[in-house]
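Engineer: Handing you this structure, nothing more for now.
The values are calculated or read from the model by the stated rules, or taken from the named source; none is laboratory data. Bear in mind that the values here come from a model prediction, so they are computed numbers and not experimental data. Positions of Cβ are generated from backbone atoms using ideal geometry, with glycine treated the same way; all protein chains shown enter the neighbour counts.
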Amino acid sequence: MIAIRRRASRLVGLTLCFGFAGLSAPAYAAVPASEVLGPAGAAAQGLTAYGGHVVWSQFDRAVGRWRLLQYFAGKVSRLAVGSRRVPFDADAGPDATGKPNLVYSRCAVEPSAPSGVNPAPDWNAAHRCRLYTVSLAPGGREHPVAGLQLARTESATTPTMWHGALAFALHRTRAHFAQVVLRHGSRLRTLVGGRRPTCRHVAQCRPSAISGGVDQMDLGPRGLVLLWRASGGDVGGTGTEWQLRQDLLTPTRSSLLDRGEISGTCGYALPTSPNALDHGAAWLQFSILDCDMPDTAELLQATTTAHGKRSTRHTTLDGFPLTLAIDGNSAYWIRDQAPGDNRPHDAQDCIDTPTQCDLMRTALNP
């Protein structure tokens with residue numbers, strides 16, 4: 001069984017709302033020029049990038065399973081990694097020597113696939129998941145992450161790496177909530193994570209009725225950015241809430257960047273595609289507040305100064321982004337052109353209409 005040194009933390013209750021928490025007035029950037037790198041086929045899930053290597057999960061319609069593809073130096077190739085039933089929870093980053101690697105999980109019992117606006121499978125529902133890594137250099141082969149011993153009742157998912165450090169979500173059988181764990185060398189400790197719903201009645205507290213866990217994470221030079229999904233209990237709306245949080249890996253520096261919920265058929269706000277940057281964080285923010293209005297999707301970048309002041313920049317990309325990854329000054333994203341103005345964009349669009357999705361690159365202003 002994995003042994004973790006706990007870190008004291010205190011989560012502050014917040015009023016549910018759309019938009020941002022604790023941010024100054026946003027700045028709006030002009031639409032930057034973008035280039036089409038090629039057709040993305042059925043790729044609409046889990047884009048990640050490091051060192052010019054861009055990796056995503058692509059749906060193979062012939063076998064009904066997901067595979068990992070890589071774009072590098074103008075060419076697309078398939079990684080030497082077996083397929084799986086759901087999109088990979090893969091993250092590209094530098095290993096301890098600085099070389100580009102990919103880390104992801106494999107599960108004996110997979111979660112259900114994402115649907116609608118949900119950005120990821122519910123990894124809390126997976127069982128007996130173990131972590132694997134593969135070099136992104138030519139000839140890379142899959143192998144288990146070394147030195148991580150888990151009990152049969154424990155699972156590790158949504159991993160992310162940065163120069164030898166590894167963060168992942170740890171799930172225990174029959175537990176309501178996942179733990180966010182950071183491993184650096186042989187040392188393990190828990191991080192703050194996100195909201196843990198509470199309930200007034202015993203029936204509301206069944207594991208199937210209340211949960212909290214990680215959808216996506218990214219570890220970078222200044223800390224961890226994670227997307228946490230909380231369901232059931234005292235969560236409002238339709239019973240699901242997302243929190244985008246940044247943890248600077250110090251005892252008191254976890255902060256809420258964004259939050260969202262699904263409040264009905266035509267009402268939701270959802271952060272997704274978290275990216276940890278040198279001086280802050282970036283993510284996509286989807287929203288639709290009215291059935292008669294189209295979905296919107298913006299790239300948000302939050303920067304924190306040495307004095308703790310945070311500012312945000314909103315950027316509208318040239319098309320509708322479904323998933324995004326930032327590598328240096330480049331944003332890579334999947335552009336969805338399929339839906340009409342009044343039909344919600346969702347994770348299945350590039351599967352249903354694979355010829356109408358593109359892999360894009362946009363140069364970001366410093």
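Engineer: For the stretch 161-172, state whether one or more residues are among the hydrophobic types (A, V, I, L, M, F, W, C) and part of a loop (DSSP other than H, G, I, E, B).
Structural biologist: no
Engineer: Could you please find all residues in the stretch 123-148 being at pLDDT below 95, within 29 Å of ARG222 (Cβ to Cβ) and assigned to a loop (DSSP other than H, G, I, E, B)?
Structural biologist: Correct list: ALA137, GLY140, ALA146, GLY147, LEU148.
Engineer: Right, here's the next one. Mind checking whether some residue in the stretch 61-74 is free of Cβ contacts under 8 Å to residues at least 60 places away in the same chain and among the charged types (D, E, K, R)?
Structural biologist: Yes: the stretch 61-74 contains one or more residues that are free of Cβ contacts under 8 Å to residues at least 60 places away in the same chain and among the charged types (D, E, K, R).
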